[in-house]
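Below is one structure, written out as structure tokens; the observations come after it.
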Amino acid sequence: MRVPYSANIDRSNPTCFVFLIDQSESMLGHYAGAAGQSKSEALAYQMNILLQELIVRCGGEVIRDYFHVAVIGYGNSINSVFDGLKPLSEIEALARMVDQSDPLTGDKYMSPAWIDPIANGMTPMCAALDIAHGLVKEWVRGHPECFPPIVINLTDGEPSDGDPVANAQRLMKVASTDGGVLVFNGHLSADASSPIEFPVLADELPKNNPYAHQLFEMSSVVPESMQAMAAALEIRIRPGARGMVFNSDLVMVAKLLDVGTTMAI
């Protein structure tokens, strides 16, 4: 029997990432570890860096479409940045050069960008998860033997449209022959104290914070294959750990994104 989460990723059998990014009004608040930037600004910067890294990882002058990507922003409205899932070669062509400011150092430079900082409205997380469900269900139907899709939800607050646990768990039930969809969650914080990364047990989270426990129930266990890849990046993930970081600064969120998108190709 084949080990789960071990399918090869190549142009004939790509996988996909769906990023859900909170764009509610509370994202105007300062982000821990960012040099004078709001959560929305720092998160947009980090997402732009990640997309650049994925493109570099998949080729140079010719992009090999190992990955298809969707970015869904949820706030005053729910917006699909790329109009659904798009191959990296198409995303690369959509880049525009903009002045960016490194949130850790404050350094400014020109670089490719796709994601703009947006912060208004409520937090319709359940609706965003349902859109992700539709995208990955269709993806698996067309790629039944793929490395399972990965959904990464980045938020600074509680949802405004209900309890998202059931929506996230429904996502996890969508499966290719290689395993179920992986759902990872990052809680963005204005407070840099005591972040919690990749917990194994709910008891490791603050007992008086139901939202922390909600995120735990919304998060998949990190597969062994991804634990090994994370170790190569000097990120230690214990067996049975969930793909979540809570009360996290920008560095912790970058770690979550690295773990979620580091695959052998």
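The values are calculated or read from the model by the stated rules, or taken from the named source; none is laboratory data. All values reported here derive from a predicted model rather than from experimental measurement. Glycine also receives a Cβ, built like all others from the backbone with ideal geometry; neighbour counts cover every protein chain displayed. Quick note on the areas: whole protein, heavy atoms, side chains included, nothing else; ligands and nucleic acids left out. Shrake-Rupley method; radii C 1.70, N 1.55, O 1.52, S 1.80 Å.
So which residues in segment 84-105 are in contact with a helix residue (DSSP H, G or I) (Cβ under 7 Å, 6 or more places away or on another chain), at pLDDT 90 or above and of a type outside the set (Asp, Glu), if there are any at all?
Those that are in contact with a helix residue (DSSP H, G or I) (Cβ under 7 Å, 6 or more places away or on another chain), at pLDDT 90 or above and of a type outside the set (Asp, Glu): GLY84, LEU85, LEU88, ILE91.
All but one of (1) over 18 Å from HIS187 (Cα atoms); (2) touching a residue at least 12 places away in the same chain (Cβ under 8 Å) hold for ASP83; which doesn't?
If we test ASP83 against (1) over 18 Å from HIS187 (Cα atoms); (2) touching a residue at least 12 places away in the same chain (Cβ under 8 Å), just (2) comes out false.
Give the residue that is modelled with the highest pLDDT, with candidates limited to residues of segment 106-121 that are over 21 Å from the mean Cα position of the chain (by Cα) and open to solvent by 60 Å² or more (accessible area, probe 1.4 Å).
The selected residue is MET110.
Hey, among GLU217, GLU158, which residue is open to solvent by 60 Å² or more (accessible area, probe 1.4 Å), at pLDDT 95 or above and under 27 Å from MET27 (Cβ atoms)? Explain how you work it out, then say what you get.
Values: GLU158 fails: at pLDDT 95 or above.
Going through GLU217, GLU158 in turn, just one is open to solvent by 60 Å² or more (accessible area, probe 1.4 Å), at pLDDT 95 or above and under 27 Å from MET27 (Cβ atoms): GLU217.
Going by the structure shown, is VAL251 open to solvent by 20 Å² or more (accessible area, probe 1.4 Å), under 18 Å from LEU43 (Cα atoms), out of contact with any strand residue (DSSP E or B) (no Cβ under 6 Å at 6 or more places or on another chain) and hydrophobic (A, V, I, L, M, F, W, C)? Let's see the steps before the verdict.
On the way: open to solvent by 20 Å² or more (accessible area, probe 1.4 Å): yes; under 18 Å from LEU43 (Cα atoms): yes; out of contact with any strand residue (DSSP E or B) (no Cβ under 6 Å at 6 or more places or on another chain): yes; hydrophobic (A, V, I, L, M, F, W, C): yes.
Yes; evaluated as a whole, the condition is true for this residue.
Of the conditions (1) touching an Asp or Glu at 6+ places or on another chain (Cβ under 8 Å); (2) modelled with pLDDT of 90 or more; (3) open to solvent by less than 30 Å² (accessible area, probe 1.4 Å); (4) of a type in the set (A, V, I, L, M), VAL259 satisfies every one except a single condition; which number is it?
(1)
Name the residue that is most open to solvent (accessible area, probe 1.4 Å), counting only residues in segment 1-36 that are assigned to a loop (DSSP other than H, G, I, E, B) and β-branched (Val, Ile, Thr). Write out each step before concluding.
Taking segment 1-36 and keeping what is assigned to a loop (DSSP other than H, G, I, E, B), we get 1-9, 11-12, 14, 24, 29, 31-36.
Those left that are additionally β-branched (Val, Ile, Thr): 3, 9.
On the way: VAL3: 98, ILE9: 12 Å².
Per the stated criteria, the residue is VAL3.
Being under 17 Å from the mean Cα position of the chain (by Cα) and of a type in the set (D, E, K, R) is the filter here, so list the residues in segment 220-238 that pass it.
none
Return yes when PRO149 is without any contact (Cβ under 8 Å) to a residue 40 or more places away in the chain, surrounded by 19 or more Cβ atoms within 10 Å (Cβ to Cβ) and farther than 30 Å from THR105 by Cα and no when it is not.
In short, no.
If you go through segment 127-146 one residue at a time, how many are under 18 Å from ASP163 (Cα atoms) and surrounded by fewer than 24 Cβ atoms within 10 Å (Cβ to Cβ)? Reasoning before the result, please.
First, pick out the residues of segment 127-146 that are under 18 Å from ASP163 (Cα atoms): 127-133.
So of that shortlist, the ones also surrounded by fewer than 24 Cβ atoms within 10 Å (Cβ to Cβ) come out as 127, 130-131, 133.
Qualifying residue count for the region: 4.
Would you pick out the residues in segment 171-206 that are buried (at least 16 other Cβ atoms within 10 Å of the Cβ), modelled with pLDDT of 95 or more and outside any strand (DSSP E or B)?
LEU171, MET172, VAL174, ASP178, VAL181, PHE198, PRO199
Only residues that are of a type in the set (A, V, I, L, M), in a helix (DSSP H, G or I) and free of Cβ contacts under 8 Å to residues at least 40 places away in the same chain: list them for segment 208-265, please.
ALA212, LEU215, ALA228, MET229, ALA230, ALA231, ALA232
For the condition surrounded by 21 or more Cβ atoms within 10 Å (Cβ to Cβ), in contact with a Leu (Cβ under 8 Å, 6 or more places away or on another chain) and farther than 17 Å from ILE9 by Cβ, what is the one hit in PRO124, PRO103?
Of PRO124, PRO103, the one residue that is surrounded by 21 or more Cβ atoms within 10 Å (Cβ to Cβ), in contact with a Leu (Cβ under 8 Å, 6 or more places away or on another chain) and farther than 17 Å from ILE9 by Cβ is PRO103.
Which pairs do you get when a residue that is on the phi > 0 side of the Ramachandran plot, found in segment 1-14, comes within reach of a residue that is among the small types (Gly, Ala, Ser) and outside any loop (DSSP other than H, G, I, E, B), reach meaning Cβ atoms under 7 angstrom, with the pair 6+ apart or on two chains?
TYR5/GLY179; TYR5/SER225
Can you name the residue in segment 84-100 that is within 19 Å of the chain's Cα centre (by Cα) and not aliphatic (A, V, I, L, M) and is also most open to solvent (accessible area, probe 1.4 Å) among such residues?
GLU92
Give the residue, chosen from LEU250, LEU233, that is among the aliphatic types (A, V, I, L, M) and out of contact with any Leu (no Cβ under 8 Å at 6 or more places or on another chain).
Checking each option against the conditions leaves just LEU233.
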